[in-house]
Amino acid sequence: MTTNYFDMTGKVVLITGGSRGLGREMALAFANQGADIIVASRKIEDCEKACGEIEALGRRAMAQACNLSSWDDLQRLTDAAYGAFGKVDVLINNAGISPVAPSSLETTEALIDKILAVNFKGPFRLMSLIGTRMVEAGGGSIINISSIGAIRPTPHIAPYAGAKAGLNAITKAFAQEYGPKVRVNCIMAGPFWTDISKSWREEADRTATNPAGRIGRPHEIVTAALYFGSDASSFTTGSVIAVDGGIT
């Protein structure tokens, strides 16, 4: 008899930035394992398109427009999720932005605030809102999607790298706060071949110096996410793992 360690039947997964790129790939992967999915992103049309793909797999899906930098929007997202499904078993903080500034001196306060709001403040607040309910419900899993830039920063992404390093840190803090009922883990993603990276992905793939000799393909992140989201990782919390082709 074959055991499906990643079985998510009856589970509800909320994923931010779930309408495209790695987020969409993870949303479809969890749906394929039996989960119902809440897709949150800035543009409702993109969320609805992703939800259509999920529903085509026979799962329930809900699209929710959300500005991840707005605490009011995050409260509305939380209320909508619990209103529609009554629970959230897995929260994936995947949404992020990584604008590049010409130099540190030319990095504006507005840009810093925007980067921190989406990559750090938003995940912090959503973990606070949903993680607390998970504890009250008796269990759950939170997965933060960070970046290898958090531990290998370069000047042009310094604010983004700092925000993601902060996300790594609060992963461990929330794991301590919400344990033992709720597990909180983090995936540090390297460069991936997605529509978001279309302006540089071919060059990055051709010149990659990591041991894998290329950048990642979207499906290559899903097993790590399914591990953290499923009961297969019942003894894993506060962990930060790299999915980057060996850059570290």
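Some observations on this one:
A quick yes/no check of all residues on (1) more than 25 Å from Ile143 (Cα to Cα); (2) modelled with pLDDT of 85 or more; (3) assigned to a loop (DSSP other than H, G, I, E, B):
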position	(1), (2), (3)
Gln176	no, yes, no
Arg183	no, yes, no
Ile187	no, yes, no
Ile196	no, no, no
Ser199	yes, no, yes
Ala204	yes, no, no
Thr209	yes, no, yes
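- For Gly10, the criteria (1) in contact with a Cys (Cβ under 8 Å, 6 or more places away or on another chain); (2) surrounded by fewer than 16 Cβ atoms within 10 Å (Cβ to Cβ) hold in every case but one, which is (1).
- Which numbered condition Val39 fails, given (1) touching a helix residue (DSSP H, G or I) at 6+ places or on another chain (Cβ under 8 Å); (2) at pLDDT below 95: (2)
- Counted residues, region 1-51 - those being within 15 Å of the chain's Cα centre (by Cα) and part of a loop (DSSP other than H, G, I, E, B): 5
- Yes/no for Thr107 being free of Cβ contacts under 8 Å to residues at least 24 places away in the same chain, β-branched (Val, Ile, Thr) and more than 27 Å from Tyr178 (Cβ to Cβ): no
- Of all residues in region 133-145 being surrounded by fewer than 18 Cβ atoms within 10 Å (Cβ to Cβ) and touching a residue at least 40 places away in the same chain (Cβ under 8 Å), the one that is farthest from Ser230 (Cα to Cα): Arg133
- Here region 152-211 is the region considered, the condition is being hydroxyl-bearing (Ser, Thr, Tyr) and closer than 26 Å to Ser233 by Cα, and the residue that is surrounded by the most Cβ atoms within 10 Å (Cβ to Cβ) is Thr171.
- Any hit, region 122-135, residues being assigned to a helix (DSSP H, G or I), in contact with a Lys or Arg (Cβ under 6 Å, 6 or more places away or on another chain) and either modelled with pLDDT of 95 or more or more than 27 Å from Val12 (Cα to Cα) (or both): yes
- For region 152-185, the set of residues classified as of a type outside the set (Lys, Arg), in contact with a helix residue (DSSP H, G or I) (Cβ under 7 Å, 6 or more places away or on another chain) and under 29 Å from Arg206 (Cβ atoms) consists of Pro153, Ile157, Pro159, Tyr160, Ala161, Ala163, Ala165, listed by residue number.
- Taking region 227-243 as the range and being assigned to a loop (DSSP other than H, G, I, E, B) and either modelled with pLDDT under 95 or within 24 Å of Ala212 (Cβ to Cβ) (or both) as the test, the residues that pass are Thr236, Ser239.
- Residue satisfying all of: in region 95-121; assigned to a loop (DSSP other than H, G, I, E, B) and among the hydrophobic types (A, V, I, L, M, F, W, C); farthest from Ser147 (Cα to Cα) among these: Leu105
- Residues in region 219-237 that are buried (at least 18 other Cβ atoms within 10 Å of the Cβ), of a type in the set (Gly, Ala, Ser) and in contact with a Lys or Arg (Cβ under 9 Å, 6 or more places away or on another chain): Gly229, Ser230, Ser233.
- Residues being modelled with pLDDT of 95 or more and over 28 Å from Met8 (Cβ atoms) are entirely absent from region 83-106.
The values are calculated or read from the model by the stated rules, or taken from the named source; none is laboratory data. A quick note: this is a predicted structure, and the numbers were derived from the prediction, not measured. Here the Cβ is made from the backbone with ideal geometry for all residues, glycine too, and neighbour counts use every protein chain on show.
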